[in-house]
């Protein structure tokens, strides 16, 4: 999956960027998730939305986007929030910042120890976010993450394409052994 994050106030620009990205995602059969913006997701027909704790309600997003939409929920370091999100119909739950992050410096920390607990009690996929890169990806999977969310682990490297390919291999190797 690819997540579109527009952290500016120009709604017209955000829509144009998201539409262009959606065309590329469709070409490569990659789901596009819109960060924080249910209306934009619905307007362009993206595959889903990721909601933070201060964003739209999961139930409302599900009603607006439909049963087939992917809806993710930020849970920081709270298993209680994760259970509530799962019960509300979230498609996945995200915990983090698992490691210190340069992309979201103010993100509250979440111990990697939350991942095995979440994996044991939840039925939806568990996402780890924050400071994840090729050096800690495998240990994060081993801890219980099903999915890794990354910005710096890809884009703060000399070759983002090579970094992505390496991470895809780490993912494939882990889930082949699982």
Could you grab me the full set of residues in the stretch 50-85 that are touching a strand residue (DSSP E or B) at 6+ places or on another chain (Cβ under 8 Å) and in a helix (DSSP H, G or I)? 58, 61, 62, 65, 81, 82, 85
Go through (1) touching a helix residue (DSSP H, G or I) at 6+ places or on another chain (Cβ under 6 Å); (2) in contact (Cβ under 8 Å) with a residue 24 or more places away in the chain; (3) within 26 Å of residue 107 (Cα to Cα) and name the single condition residue 61 misses. (2)
Given the options 6, 46, name the one that is surrounded by fewer than 19 Cβ atoms within 10 Å (Cβ to Cβ), assigned to a loop (DSSP other than H, G, I, E, B), outside the structural domain of residue 116 (by TED's automatic domain parsing) and touching a helix residue (DSSP H, G or I) at 6+ places or on another chain (Cβ under 7 Å). 6
Could you check how many residues of the stretch 37-50 are touching a residue at least 24 places away in the same chain (Cβ under 8 Å) and within 15 Å of residue 88 (Cβ to Cβ)? 3
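The values are calculated or read from the model by the stated rules, or taken from the named source; none is laboratory data. Not measured: the values here are computed from a predicted model. Neighbour counts are summed over all protein chains in view; Cβ atoms, including those assigned to glycine, are modelled from backbone coordinates with ideal geometry.
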